[in-house]
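Here is the structure we will look at, set down as structure tokens.
Every number here is computed from the coordinates shown, using simple stated rules; none is lab data. This structure is a prediction, so every number in the text was calculated from the model and none was measured. With ideal geometry, Cβ positions are generated from the backbone for all residues, glycine too; neighbour counts draw on all protein chains shown.
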Amino acid sequence: MSNTPVIEIRDLHKAYGQLEVLKGVSISAEKGQVISLIGSSGSGKSTLLRCANLLEDSQKGDILFSGEPVEWKGSGLNRRPANQKQLLRIRTNLSMVFQQFNLWSHMTILENVMEAPITVLGRDKSETEAKAREYLAKVGIGDKCDVYPAQMSGGQQQRAAIARALCMEPEALLFDEPTSALDPELEQEVVKVIKGLAAEGRTMMIVTHDMRMARDISDHVVFLHQGLIEEQGSPDQVFGAPKSERLQQFLSHSV
Ligand code: ADP
Ligand code: MG
């Protein structure tokens with residue numbers, strides 16, 4: 001069972017009211033795999049990530065975490081996770097990094113990174129502090145522990161958000177356009193950190209518009225179009241020999 005996926009999504013359907021956003025999407029990430037999700041704005045990429053870590057409800061299909069299926073109650077638009085303990089365990093094991101960093105402005109960087117392990121996981125404070133300092137050093141901002149988010153560049157803030165996600169010691173990391181809010185010169189410092197995590201063998205699902213990064217670090221690339229997987233494959237297949245016309249068109253606009 002060594003290749004049981006860390007996250008597996010089977011035939012997922014999600015609508016906002018009448019708007020069908022995911023129309024039956026299956027995707028999985030095995031331990032150590034990097035999966036990139038690409039596609040036009042509005043194709044459902046963020047929704048898929050948010051459904052995967054149960055920030056968003058879905059109406060049909062299964063989500064499995066290390067082989068364990070999410071337990072649901074109700075059905076259709078009334079379907080919700082049934083087991084709060086399971087929900088918390090899954091959510092804390094799939095740490096999310098958002099486009100807009102979402103750091104707490106009234107806390108220092110160190111406090112930001114320490115907050116969830118202590119309050120959500122009940123971890124020991126001094127151990128967590130040591131880990132937080134280690135992860136901040138790892139992303140190259142070990143000297144920013146006592147600084148507030150507003151005093152840092154976007155690239156530094158996003159690296160702090162990555163350290164915060166790592167400090168939860170999750171099974172997998174989910175990134176939603178982690179470099180989209182950054183100026184090009186700051187983008188690369190974040191790309192470098194993400195590449196380092198990929199090289200370490202971390203399990204990751206990354207929504208990105210950065211095709212170069214996706215090509216460099218992914219084991220598998222998924223192209224989403226209007227709530228369905230239009231094409232998927234290795235980076236060489238998807239970027240080097242795209243079959244679908246929609247993917248060809250998408251790629252011709254994104255270089
Ligand atoms: P992407 O991340 O690929 O740009 P999203 O998953 O954000 O796409 O959005 C997919 C579709 O769902 C879009 O049409 C968007 O307007 C819609 N949508 C996203 N979030 C909501 C929401 N909270 N309420 C209603 N519609 C939403
Ligand atoms: Mg999005």
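What the table shows:
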read-out	value
In Hz, Karplus ³J(HN,Hα) per residue of region 191-206 (6.51, -1.76, 1.60; θ = phi - 60°; x = Gly, Pro)	4, 4, 5, 5, 4, x, 5, 5, 5, 6, x, 6, 7, 9, 10, 10
I7 long-range amide H proximity, modeled H, under 5 Å	A29, S66
Hull volume in cubic angstrom per residue (convex hull over the Cα atoms of the chain)	132 Å³
Fewest-first ranking of R164, R80, using other Cβ atoms within 10 Å as the exposure measure	R80, R164
In nm, spacing of pseudo-spin labels at A241 and S180 (7 Å Cα→C-beta vector)	3.1 nm
Cα-based shape type of region 145-203, given that a ≥ b ≥ c are square roots of the gyration tensor eigenvalues and the cut on a/c is 1.5	oblate
DSSP-defined antiparallel bridges as percent of all bridges, the chain, nearest 5	55 percent
Placed amide H near I206: partners under 5 Å, 5+ positions off or other chain	I35, S36, L37, F175
Vicinal HN-Hα couplings computed from phi for region 85-91 (Karplus, 6.51 cos²θ - 1.76 cosθ + 1.60; Hz; Gly/Pro x)	5, 5, 4, 5, 4, 5, 5
Percentage, to the nearest whole number, of Cα pairs in region 99-175 over 22 Å apart	13 percent
From the C-alpha gyration tensor of region 17-110, square roots of 5λ in Å	23, 18, 16
Dimensionless Rg over Rh [region 161-255; C-alpha; Kirkwood]	0.98
For the chain, calculated [θ]222 nm from helices alone, where every DSSP H run of n ≥ 4 adds -39500 (n - 2.57)	-10500 deg cm²/dmol
Under-5 Å amide H pairs with H225, H placed in peptide plane, nonlocal only	E230
Residue exposure sequence - V25, V191 - by fewest surrounding Cβ within 10 Å	V191, V25
Packing-based exposure ordering (other Cβ within 10 Å, fewest first) of F239, F65	F239, F65
Karplus (6.51, -1.76, 1.60) ³J(HN,Hα), θ = phi - 60°, over region 177-182, in Hz, Gly and Pro reported as x	6, x, 10, 6, 8, 9
